[in-house]
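The values are calculated or read from the model by the stated rules, or taken from the named source; none is laboratory data. On a predicted model such as this, the values are computed, not experimentally measured, just so you know. Ideal geometry is used to build each Cβ from the backbone, glycine not excepted, and the neighbour counts take in all protein chains shown.
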Amino acid sequence: MKFILTILFITSIIGTAHSAEKIPFRVCKIDKDFIPFINMKGTGIWQKKIKKAIKVLPLELQFHDAPRRRCFLEAEQNSATDAVVIGYRVNYLSYPMKNATETDRDAGLGVVSLVVVVHKDSKIKWNGERFENLGDEIVGSQLGYLVNEKLDSMGVHNEEVPTAEKNIEKINKGRIEVAIMAREDFLLLKKKNHLKNVVALPIPFQENDVYLGVSTPYYQKNKKYVDAIWANLKKNK
């Protein structure tokens, strides 16, 4: 009798452990702070939103850091990354959708405002649609925001660099007069470096809705859980 009860007890423990087993959900984030949205401590606004949305689901959230290109490559190859934070559409990720063609911005993580930053003595202006007094000046753009594609379509010469700080350096050295960057990056650099020679123009260059984009193979395999994450992000907005 004791033997039977022992077997039943062990079987019960194994069954409970199996039912409690969670599915890994690996989110790759860029390996630098993007205050206040992402930080290396895991306490950024977007990180908190993702944690809250997943908390009630049988998923094991695993954040890891990598350069932006590697994050996206891992998601495209469906290797070490199941999801990334992204502000534009790519064909290898799935997004919360409002209909067949339109993403559901209410299920996103937030909005990033991109601003036009100029030397304080520059006469260059941005009216929301086009530059004024730009001439043949080169506009500094930043990797990851697809700003260069919009500038190309406008016939504006531009150079892409990895970080906002690189463009600030180029403005300070007189190599360019104007650059486009996330408002949060500009404010952080201004606070950190006490920038005196650069200013942000009042009208945003563009605003990007930001989503938790999920690797399509992962989404197809775990559709109900990923849909639940997006639904929770929408509910907790």
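A few points about this structure:
- Considering the stretch 43-57, and only residues there that are loosely packed, with under 14 Cβ neighbours inside 10 Å and not in a helix (DSSP H, G or I), the residue that is nearest to the chain's Cα centre (by Cα) turns out to be T43.
- Picking from residues in the stretch 73-90 that are touching a Cys at 6+ places or on another chain (Cβ under 8 Å) and closer than 13 Å to T216 by Cα, the one that is surrounded by the most Cβ atoms within 10 Å (Cβ to Cβ) is A75.
- Filtered by the rule that a residue be closer than 13 Å to N172 by Cα and touching a strand residue (DSSP E or B) at 6+ places or on another chain (Cβ under 7 Å), the stretch 188-203 gives N197, V198, V199.
- Near pairs, Cβ below 8 angstrom, 6+ apart or cross-chain, from the stretch 146-157 (assigned to a loop (DSSP other than H, G, I, E, B)) to any residue that is surrounded by fewer than 13 Cβ atoms within 10 Å (Cβ to Cβ) and at pLDDT 95 or above: M154/R130
- In the stretch 158-202, residue farthest from S122 (Cα to Cα) [restricted to those that are under 23 Å from the mean Cα position of the chain (by Cα) and part of a loop (DSSP other than H, G, I, E, B)]: P162
Yes/no per residue for (1) at negative phi; (2) touching a Leu at 6+ places or on another chain (Cβ under 6 Å):
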{"position": "G155", "(1), (2)": "no, no"}
{"position": "V161", "(1), (2)": "yes, no"}
{"position": "E169", "(1), (2)": "yes, no"}
{"position": "E177", "(1), (2)": "yes, no"}
{"position": "V199", "(1), (2)": "yes, no"}
{"position": "F205", "(1), (2)": "yes, yes"}
{"position": "K224", "(1), (2)": "yes, no"}
{"position": "K237", "(1), (2)": "yes, no"}
